[in-house]
1. Among the residues of the range 43-62, count how many are part of a helix (DSSP H, G or I) and touching a Lys or Arg at 6+ places or on another chain (Cβ under 9 Å).
2. Find the residue count for the range 1-46, including only residues that are more than 17 Å from Arg82 (Cα to Cα), buried (at least 16 other Cβ atoms within 10 Å of the Cβ) and without any contact (Cβ under 8 Å) to a residue 60 or more places away in the chain.
3. Out of (1) under 14 Å from the mean Cα position of the chain (by Cα); (2) at pLDDT below 95; (3) aromatic (Phe, Trp, Tyr), what's the single condition that is false for Phe73?
4. Can you tell me which condition Glu49 does not meet? The list is (1) open to solvent by 80 Å² or more (accessible area, probe 1.4 Å); (2) within 14 Å of Tyr81 (Cβ to Cβ); (3) among the acidic types (Asp, Glu), and all the others hold.
5. Looking only at the range 52-84, filter to residues that are basic (Lys, Arg) and closer than 15 Å to Gly39 by Cβ; which one of those is most open to solvent (accessible area, probe 1.4 Å)?
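The values are calculated or read from the model by the stated rules, or taken from the named source; none is laboratory data. Keep in mind the model is a prediction, meaning the values are calculated, not measured. Here Cβ is always computed from backbone atoms with ideal geometry, including for glycine, and neighbour counts include all displayed protein chains. Each accessible area value is taken on the protein alone, full model and side chains, heavy atoms only, with ligands, DNA and RNA left out. Shrake-Rupley method; radii C 1.70, N 1.55, O 1.52, S 1.80 Å.
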Amino acid sequence: MAESFSVTRRFFDDKNYPRGFARHGDYTIKEAQALEQYGQAFRSLDSGERKPVTKEEKSFVAFCRGERAAETFFEKTWQKYRSRISTNKRLYTLSGVVGVDNLDDYSAD
C-alpha cells in the first residue's frame, strides 16, 4: 500500500512542528515516521495538487473530501495531523471565584 504514496522528498512542518513530528509528543513513532515519509503525498492529494492514481490514493482522497470516514492507518494519521494543526494553540488560564460563600457581604442595599 505504501507504494501508492510515493514521494521524492520527506515531509516536514517547521511552522507547527519545528523539532519534528517524533519529538513533539503528538504522534506515536509509527505515525511520525508515516508523516515524514509520506506526508508530501498526503498533502498534495489532500489539496488536489496531485491526482490519485491507485485505488488506495482514490480512497484517501475520498476521505479527505469528507465522503467517508478515515479507515486506514494513513488516513487516521493524516486526520490526526490535520486536526492538530487546525486547532488553535492551547491557552491555559487560572480562574476561580473567591468568596462565593460571602456574597451577602457584598450586596448593595
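1. 8
2. 1
3. (2)
4. (2)
5. By that ranking, first place goes to Lys76.
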